[in-house]
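Let me begin by handing over the structure; questions about it come next.
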Amino acid sequence: MPPTPSHPAARSDQELIRAYQDGDQGAFVELVERYRLELFHFLARFVNDRVAAEDVFQEAFLQVHISVDSFDTERPFKPWLFTIAANKARDYLRRTNRTASHITSLPDAQGDGDRAVVELMDAQLPEPGELVVNQETRRLVKEVVGSLPDHLREILLLAYFHQIPYKDIARTLNIPLGTVKSRLHAAVGTFAQAWKQRQEPSGKDSD
């Protein structure tokens with residue numbers, strides 16, 4: 001059943017969580033509908049399987065239901081949700097022996113890192129909107145994202161494709177802010193290299 005746009009002033013994520021903690025079942029349904037498409041697309045890229053993504057989606061929201069009473073409503077909900085989903089996706093990859101090989105992270109950017117990483121993205125990656133222009137581009141993006149090691153794929157999806165702030169990622173993944181930046185640096189570089197290789201003519205190696 002589609003969400004009703006005529007609902008009086010939409011409640012914030014925190015308001016919905018508080019309402020659900022107080023027993024409002026409809027608040028949980030609102031949260032699921034609010035994040036259905038975005039979270040599904042995140043998971044489909046993460047596990048490279050739309051059917052599996054549906055299952056992981058259900059597992060993620062089941063975990064939200066189980067853990068909701070322990071959630072601090074002063075914190076943003078979206079990073080918490082996406083971290084739960086990423087953990088469930090990693091569990092799926094481990095269960096199915098589809099974990100990608102590990103790649104060592106590149107050094108962190110100089111200074112505070114934020115602008116350097118953004119500039120690196122601007123220089124080496126197409127804009128997120130440009131990545132879904134046509135079927136072939138979508139297929140290539142799926143292949144490239146799917147080829148990344150789990151920890152790099154996760155950070156790229158969270159920070160770049162879903163625009164979750166670095167500080168929120170650091171807090172929900174329980175890693176230092178510098179690690180978020182260095183992993184993102186590595187993920188962007190790895191994605192950019194693989195993306196470039198897929199753009200090059202296949203006959204380049206033949207002499």
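The values are calculated or read from the model by the stated rules, or taken from the named source; none is laboratory data. Remember, it's a predicted structure, so these values are computed and weren't measured experimentally. With ideal geometry, Cβ positions are generated from the backbone for all residues, glycine too; neighbour counts draw on all protein chains shown.
For segment 138-200, list the helices (runs of 4 or more DSSP H) that sit wholly inside it and hold at least 2 residues that are aromatic (F, W, Y) and crowded, with 18+ Cβ neighbours inside 10 Å; which are they?
Values: elements: 150-156, 166-173, 177-199.
Those helices (runs of 4 or more DSSP H) span 177-199.
Sticking with this structure for a sec: So the check is Cβ under 9 Å with 6+ separation or different chains; which pairs have a first residue in segment 84-110 that's over 16 Å from V188 (Cβ atoms) and a second one that's modelled with pLDDT under 50 and of a type in the set (S, T, Y)?
Taking only residues 6 or more apart or on different chains, the pairs are R90/T99; L93/T99.
Looking at (1) touching a Ser or Thr at 6+ places or on another chain (Cβ under 8 Å); (2) modelled with pLDDT under 85, which one does W80 not meet, given that it meets all the others?
Here W80 meets the rest and fails (2).
Can you name every residue in segment 1-46 that is among the β-branched types (V, I, T) and modelled with pLDDT of 85 or more?
Residues of segment 1-46 that are among the β-branched types (V, I, T), as a first pass: 4, 17, 29, 32.
I17, V29, V32 - these are the residues of segment 1-46 that are among the β-branched types (V, I, T) and modelled with pLDDT of 85 or more.
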